[in-house]
Every structure is written in structure tokens, then in C-alpha cells.
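Following: one structure in C-alpha cells, then a few remarks.
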Amino acid sequence: MDNLKSLIREVPDYPKPGILFYDITTLLKDTAGLKGVLDGLHAKTAGLGIDKVVGIEARGFIFGPALAYALGTGFVPIRKPKKLPSAVERMEYALEYGTDVIEIHKDAVEPGQRVLIVDDVLATGGTAAAAAKLVEKLGGTVAGLSFVIELDFLSGRAKLPGHRVDSLVHY
């Protein structure tokens, strides 16, 4: 997956000084790069018996539907508050400074369904852990979590004990 890494733009001091941002827009615009990501995610998840793919707002919406299509299943969005029109379950989770909230429709996942959670980056793991808790709250089983990029130095995987975690590119 080193070819994918070469397509990811590194932007220093974004969104604030001292942060190195990994920009996937340069990967997405590259035909072979986009195909490589989707093929790579599919290869890691094809044998997991997935019933639903859940994508975390916003970049999980880029990869999730395409992966759901490849796996022959439906797609479910997890969104920021007040973006979903029907009854929701919500999960508040801690950030480095403060908290955030994500939501999912209450009828999005049926009890016993095997769910794959998809997002672009696994950083500190807070959002991914909250998404997993939401799926489990609805009665689903988290069959795995898939990411394009994992920032190993932030140890986000540690917040996902007992879950299968796959990432294509590691920093």
C-alpha cells in the first residue's frame, strides 16, 4: 500500500499549528489510487459476512457506499447531531478537549446484523469507539472497522479492544 501513501498529501500546521494533516483528496482524484483503496478495503472485508456497512460522517460516506455495493449490502450513515430526520440513538464521547456527539437512526441496524464500520482515518479512536457502541446499542455486532489511514502514534486501536481493525496505510 506504499503506492497509496505516495498519493496522500501531507499538510503541515492544519487545522492548527503543530498538526500534520493527511489529505486524501489527492488520493481520491487519482483513478488508480481510488481503485486501490476500494479494492484494498474490499479484500480485507469480503469474507466477514457483512450485513451492513456503516460510514462515519463525513469521509466514511466516500468509501462506505462503494464498499457496501462491493459487499452486496446496504449502507448506513452515522452523522453529527440533528442531521438525521427520524428517531435516533446518540452517543457522546470525549475529545482531547471537550466532547462530541454522533447519531444513527434507531432502525438502521437490526439485532444480530454483522456490521462493518468505515472511515478515512483512525486517529485517537474516540469517534470509532462511539460508532461501535452505537451499533451495539442497536443490537448489531461489529464485525470489523476499516480505515484508509491509521495514525499508529495516536494509539486509536487501543480504544477498540476486541474488535477487528484493518487499515491500508500506516503513519
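Quick notes
- Subset of segment 62-89 that is among the charged types (D, E, K, R) and crowded, with 16+ Cβ neighbours inside 10 Å - its residue that is farthest from Thr127 (Cα to Cα): Glu89
- Residue in segment 1-60 that is surrounded by the most Cβ atoms within 10 Å (Cβ to Cβ), counting only those that are small (Gly, Ala, Ser) and not in a helix (DSSP H, G or I): Gly55
- Taking residues in segment 44-57 that are of a type outside the set (Phe, Trp, Tyr), and partners anywhere that are assigned to a loop (DSSP other than H, G, I, E, B) and surrounded by fewer than 22 Cβ atoms within 10 Å (Cβ to Cβ), the pairs with Cβ atoms closer than 7 Å and at least 6 places apart or on different chains are Ile50/Thr73; Asp51/Thr73; Asp51/Gln113; Lys52/Thr73; Lys52/Gln113; Val53/Thr73; Glu57/Lys80.
- Taking each residue of segment 7-25 that is touching a residue at least 12 places away in the same chain (Cβ under 8 Å) and looking for partners that are assigned to a loop (DSSP other than H, G, I, E, B) and acidic (Asp, Glu) with beta-carbon atoms closer than 8 Å, six or more apart or interchain, yields Leu7/Asp30.
- Pairs are defined by a Cβ separation below 8 Å, a sequence spacing of at least 6 or placement on different chains, a first member in segment 131-142 that is within 18 Å of Asp119 (Cβ to Cβ), and a second member that is assigned to a helix (DSSP H, G or I); the pairs so defined are Val142/Ala132; Val142/Val135; Val142/Glu136.
- Members of segment 94-110 found to be in contact with a strand residue (DSSP E or B) (Cβ under 9 Å, 6 or more places away or on another chain), surrounded by fewer than 19 Cβ atoms within 10 Å (Cβ to Cβ) and in contact (Cβ under 8 Å) with a residue 24 or more places away in the chain, listed by number: Ala94, Asp100, His105, Lys106, Glu110
- Matching residues in segment 1-27 - criterion: being among the aliphatic types (A, V, I, L, M) and in contact with a strand residue (DSSP E or B) (Cβ under 7 Å, 6 or more places away or on another chain): Met1, Leu4, Ile8, Val11, Leu20, Ile24
Just so you know, all these numbers are worked out from the coordinates, no wet-lab data involved. Everything numeric here is computed off the predicted structure, so don't read it as measured data. Quick reminder, even Gly has a Cβ in these numbers, built from the backbone with ideal geometry, and neighbours come from all protein chains shown.
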